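*Asks:* Have a look at this one before I ask anything.
No value in this document is a laboratory result; all are computed from the given coordinates. These numbers come from a predicted model, not from an experiment. Here the Cβ positions follow ideal geometry from the backbone for every residue, glycine too, while neighbour counts run over all protein chains shown.
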Amino acid sequence: MAKADLPASNSQAGPLPRWGLAVVAGLHGLIFAWAGAQLPWSEWSSFALLAWLLALGHFATALCAAAKLRRPLIWAWRLSSLLALAVLGWLSWELTSAASYLAGLYGDLGQGLGAAMLAIIGLLAVLTLPLSAWGLAATWERRWNRGAGAAATALTLIWTVGAWRTAQAARPTPLPLPAAPSGARGGDQGEDLPARGPGEAAVIAALPSWDELAEAPAPPWPQRAGIVPELPPLHTLEPVACVPDYTDPERDQARAVLTYLVPAGPKTLEHRKRSVAGRKLAPLEVVSRCVEAPAAQLPAAIAEQLRSEAARGPVKIDLLRSVVMLHDRDFVLDMLALRPGRDGICDAERCLMPWQLVAADQFVSNEPVPWIPDFRFGVSPVRLQRALGGPISKEIQTWDRHLRRPKTRKKSERDQPLIRPEGAEAWTHLDGLLRIETTSLLIDAEGGPISMIRMHERPGAALDEQRLRAAQDSAERYIAAAQLPEGRFTYTLDPFTGRRRTKAWNLPRQAGTTLVTCELGRDAARTKEVAARSLAYMAEHARQSGEVQALIRNADSDAANLGSTALPAIAFARCRARVGDEHDALIADMSRFLMAMQREDGSFYPKYDVATGAPIDGPEPMYAGGQAIFALSLAEKLARDEPALVDDPEVQLPPAEVLADAVERAMNYYAGPYWDNILRDFFWLEENWHCLAARASLGHHRNPDYEQFCLDYMAFKARPVLDEDSRVDPEFLGGYSMGNILVPVNTPSAGFGEGLAAAMAIKRARGEDVSADQARMREVLGFLVRQQWNPRNCFACVRDRQVIGGFSESMGAPEIRIDYTQHAWAALGHGGAQVFDTSERAP
């Protein structure tokens, strides 16, 4: 009876499974339905359609098996198995091709991402191969075996050749460059000097004396006595006509783009005289010029161009060193088509240099995970072509922004389909654009050459204490200048346009900046002034609830967040030595608040209702637990050092024994049940504040298990620090990144430095060796110092805002944020104290 339903040549004539197959196929259908609905960015991508087809095939198989429909089951199971294998093959080809492309484009930098893509193939195989093999074994006809084997062999060959060609297509074609002059060293410059980029040595050797360049003309408006006008920044986003010949680059001329200052025209002068900042600038403006010549004659041509037109001041020189024609890959790979800060872009007529793309924020055009707003990367073909001068409508630009950054849409519209506007298709492709790589050289205002990469100085001399101290002082000045008259800090600053946000603030970030200022500020008078204003501003947000006070930013809210009081409590306690005892009563009330927020097991509630005087249950917010222990431990120390504050009726600080009990219970919880599971061997959350709390407690409240919690955490966290074994570009060394996939972001790198400094202090107190930690810390500090804006690398920065001393998000994302700078300063100060044996180690 069963054989009557089967094809005559089928080898599997026995009974087919029922409920086991129905359950397994149904689960696979649900997985692929979810994947089709949730994973792609666009609603009807190829992946989404295939995922939905697979889901339908698996659902049909499950229904036929459950209903015992033998012939429909054979065909549904067979077809869904073949479709699953086809989808696996297609996705494997696409991912292998993508991995080959990225390895060819980024070299070692792309291999980590390539390996991740190959891991995805393995995950897809788990979801497709077992069920497909089972289905074909049950329904396959033997007469198809020979043809299937031949087809598999042919597909493997095509696959291999195609992947190789894809990798080759991403490799750039070298362009002519001048050779280093006799006796010059064009590559490695030794330990004390940064390596020179290709072609730099010849250009430097041919540069004219800066005395040969014309001086800036006198300003056409009255100047105050003794005031010397500032040179304008070398900031321009205008593309320049300097497109290399892609068809025959070996016979092409060598090219360089020069950006320098020339006497300002009437239009520029008219604009500047309308503002105080404009009248402070010398009457010069920025231009970019393309210099073309045979490779051997390019240095002389550059020198002649500067003599003929440039005013005495800084000059940016970009030597075009390689080119590759871009082709559309897919939506995600097109984001990664340019390396942040390393690559520029050209169309058929004009080019933008890598540093111009950084200044225009071109490398952070995508936010693929809306709930992680700081995870931004990659380019947009629409934005690139608009920057090159393409006549792209506002409607298309808005659509592209909403597609790549969904949170920029109005909340009421985010669930609605995003309609592609008419004409958008012509601008969403990279086909025909040229990716160029340049050797980046900066000549400063005095004529000194600076070898640059990704808008920062190339790695060179080993970090010394003098340079580290200068970086700390510069960060201190930036923080002080960022404070507004009422006490809060400017949140963000664009270093190239001067645009800033001053109203986007919160209490933890305000408190964190104040804390670092009080811990590391070297200018005593300035530190006291900055701290006093900030503490007074935060104190205005205190809300009384019985015997406790909590800080709440919004006056119309009764919910006090744990972190919004815990971190300010640390800042008030740490700054007491700077500003005096005027906030002692508030410190005492905030300490009582934190104890009221503690659960019986030692953990903390996330919120507190100041109207009812009761905690609000829920999951503990990240960072806040460590901050609460830190604050309570500082209060315990204050009660031990000044016991009179406990009996003072104006203060009523909780007794040291009560505070110690709360601290001990909290430390025991986080060192014990909080993260006592198998994940501890593989993965940790952000626990830096526990390390800082353990360090702050070394002198008065030791808990060995809590200290070990910090040391274990930092041992895990050291894994993503990029070192020589990571095989990344030299400018990445010491940065913190997940393998070698993305450009290191400065705040995680600084955060690691902060945590490592605390762990080193704990190890020293325990008598443990820190030599390996010191070596790693030197790398991290060297990375951070290179990332800081300073007078040498800030050639395009605005002059009317304090930029020097600040830290951007990364080499490819220029926005400066107050917390980026705060964390970097903390790492430089506390980490430097652990590397260079000083008396400034934090207690």
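*Asks:* For the pairs 316/528; 407/607; 503/528; 607/637; 273/503, flag any whose C-alpha to C-alpha distance is greater than 32 Å.
*Replies:* Over 32 Å Cα-Cα: 316/528.
*Asks:* Can you tell me the dipole magnitude for the chain around its Cα centre, using point charges on the Cβ only (Lys, Arg +1; Asp, Glu -1), in Debye to the nearest 20?
*Replies:* 2380 debye
*Asks:* Would you mind putting 296-309, 588-601, 482-495 in packing order, based on average other-beta-carbon counts within 10 Å, highest first? Numbers along the way, then the final one.
*Replies:* Working: 296-309: 17.8, 588-601: 21.0, 482-495: 19.4.
In descending order of packing, they fall as 588-601, 482-495, 296-309.
*Asks:* Say R0 is 41 Å: what FRET efficiency, to the nearest 0.05, do residue 723 and residue 173 get from their beta-carbon distance?
*Replies:* Once rounded, the FRET efficiency stands at 0.80.
*Asks:* Still on this structure, please answer the following. If N is the number of residues in segment 227-284, what value comes out of its Cα radius of gyration divided by 2.2 N^0.38 Å? Kindly include the intermediate steps, with their values, before the conclusion.
*Replies:* Numbers: Rg = 17.2 Å, N = 58, 2.2 N^0.38 = 10.3 Å.
Here the Cα radius of gyration is 1.67 times the empirical estimate.
*Asks:* What lysines could a cross-link reach from residue 68, if we take a straight Cα to Cα line under 25 Å and drop same-chain neighbours fewer than 8 places away?
*Replies:* Partners within reach: 3.
*Asks:* If I measure Cβ to Cβ between cysteines in the chain, which ones have no partner under 4.7 Å?
*Replies:* So, 64.
*Asks:* Whose amide H sits under 5 Å from the amide H of residue 282, counting only residues 5 or more places off or on another chain, with H placed in the peptide plane?
*Replies:* So residue 282 has HN proximity to 230, 231.
*Asks:* Could you tell me which residue out of 508, 368, 492 lies farthest along the dipole of the chain toward its positive end? Charges go on the beta carbon: Lys and Arg +1, Asp and Glu -1, centred on the Cα centre.
*Replies:* 368
*Asks:* I want the local charge near residue 473. Using Cβ-Cβ distances under 10 Å, sum +1 for each Lys or Arg and -1 for each Asp or Glu among the other residues.
*Replies:* Net of charged neighbours comes to +1.
*Asks:* How are the Cα pair distances of segment 506-677 distributed, in percent, across 5 Å bins from 0?
*Replies:* The distribution over segment 506-677 is 1, 9, 19, 22, 21, 16, 8, 3, 1, 0, given as percents.
*Asks:* Around residue 714, what is the net charge, scoring Lys/Arg as +1 and Asp/Glu as -1 over all other residues with Cβ under 13 Å from its Cβ?
*Replies:* Values: positive: 695, 717, 719, 763, 776; negative: 686, 687, 707, 712, 754, 768, 773.
Spelling it out: positives minus negatives among the neighbours equals -2.
*Asks:* Would you mind checking which residues have amide H under 5 Å from residue 490's amide H? H placed 1.01 Å from N; only 5 or more apart, or other chain.
*Replies:* Under 5 Å from the amide H of residue 490 lie the amide H atoms of 483, 484, each far enough along the sequence or on another chain.
*Asks:* Another question about this same structure. Please compute the contact order of the chain in relative form: average sequence separation of alpha-carbon pairs under 8 Å and at least six residues apart, divided by the residue count, as a percent. Present the calculation step by step, with values, prior to reporting the outcome.
*Replies:* Values: 1506 pairs, mean separation 87.9, N = 843.
10 percent.
*Asks:* Near the amide H of residue 807, under 5 Å away, which other amide H atoms are found, from residues 5 or more places off or on another chain, if H is placed in the peptide plane?
*Replies:* Under 5 Å from the amide H of residue 807: 817, 821.
*Asks:* A follow-up question, please. Measure off 7 Å from each Cα along the Cα-to-Cβ vector at residue 657 and residue 69, then give the distance between these two points in nanometres to one decimal.
*Replies:* For residue 657 paired with residue 69, the spin-label model returns 7.9 nm.
*Asks:* A further question follows. Going toward the positive end of the dipole of the chain, with +1 on Lys and Arg Cβ and -1 on Asp and Glu Cβ, which of 701, 213, 266 do you reach last?
*Replies:* It is 266, whose Cα lies furthest towards the positive end.
*Asks:* First measure r as the distance between the Cβ atoms of residue 290 and residue 393, then evaluate 1/(1 + (r/R0)^6) with R0 = 41 Å and state the FRET efficiency to the nearest 0.05.
*Replies:* FRET efficiency, residue 290 to residue 393: 0.90.
*Asks:* Calculate, in nm to one decimal, what residue 484 and residue 273 gain on full extension: separation in residues at 0.36 nm each, minus their alpha carbon distance.
*Replies:* Details: separation 211, 0.36 × 211 = 75.96 nm, distance 2.64 nm.
So the extension gain works out to 73.3 nm.
*Asks:* Here are labelled values, (i) 40.0; (ii) 28.0; (iii) 30.7, and one is the computed Kirkwood radius over Cα pairs in Å for what I pasted. Which one?
*Replies:* (iii)
*Asks:* Give me the distance in nm between label points sitting 7 Å out from Cα along the Cα-to-Cβ direction at residue 678 and residue 612, one decimal.
*Replies:* Simple spin-label model gives 3.9 nm for this pair.
*Asks:* Also, quick follow-up: Along the Cα-to-Cβ line of residue 205, 7 Å from the Cα, sits a label point; which residues in segment 430-459 have backbone N less than 20 Å from it?
*Replies:* Inside the label zone: 439-443, 448-452.
*Asks:* Please turn the phi angles of segment 758-775 into ³J(HN,Hα) values with the Karplus equation 6.51 cos²θ - 1.76 cosθ + 1.60 (θ = phi - 60°), one per residue in order, whole Hz, x for glycine and proline.
*Replies:* Running phi through 6.51 cos²θ - 1.76 cosθ + 1.60 with θ = phi - 60° gives 5, 4, 5, 4, 5, 4, 4, 5, 8, x, 9, 6, 10, 5, 5, 5, 5, 5 Hz.
*Asks:* Right, something else. Provide, in order from the shortest bin, the percent of all Cα-Cα pairs of segment 356-432 in each 5 Å bin, continuing until the bin that contains the maximum pair distance.
*Replies:* P(r) over segment 356-432, rounded to whole percents: 3, 15, 24, 25, 20, 10, 3, 0.
*Asks:* Another question, then. Could you work out the local net charge near residue 286, counting Lys and Arg as +1, Asp and Glu as -1, over the other residues with Cβ closer than 15 Å to its Cβ?
*Replies:* Computed value for this residue: +1.
*Asks:* Rounded, prolate or oblate: pick one for segment 687-843, where a ≥ b ≥ c are the square roots of the eigenvalues of its C-alpha gyration tensor, a/c under 1.5 means rounded, and failing that, prolate if a/b is larger than b/c, else oblate.
*Replies:* prolate
*Asks:* Loop only per DSSP, at most 14 neighbouring Cβ atoms within 10 Å: give me the trypsin sites (Lys or Arg not before Pro) in segment 496-551, ordered by residue number.
*Replies:* 499, 503, 522
*Asks:* Moving to a separate point now. To the nearest 0.05, how large is the calculated FRET efficiency for residue 771 and residue 372 if R₀ is 41 Å and r is the Cβ-Cβ distance?
*Replies:* Result of the calculation: an efficiency of 0.65.
*Asks:* Further question on the same structure: Once label points are set 7 Å from the Cα along Cα→Cβ at both residue 426 and residue 702, what is their separation, rounded to one decimal in nm?
*Replies:* 7.5 nm
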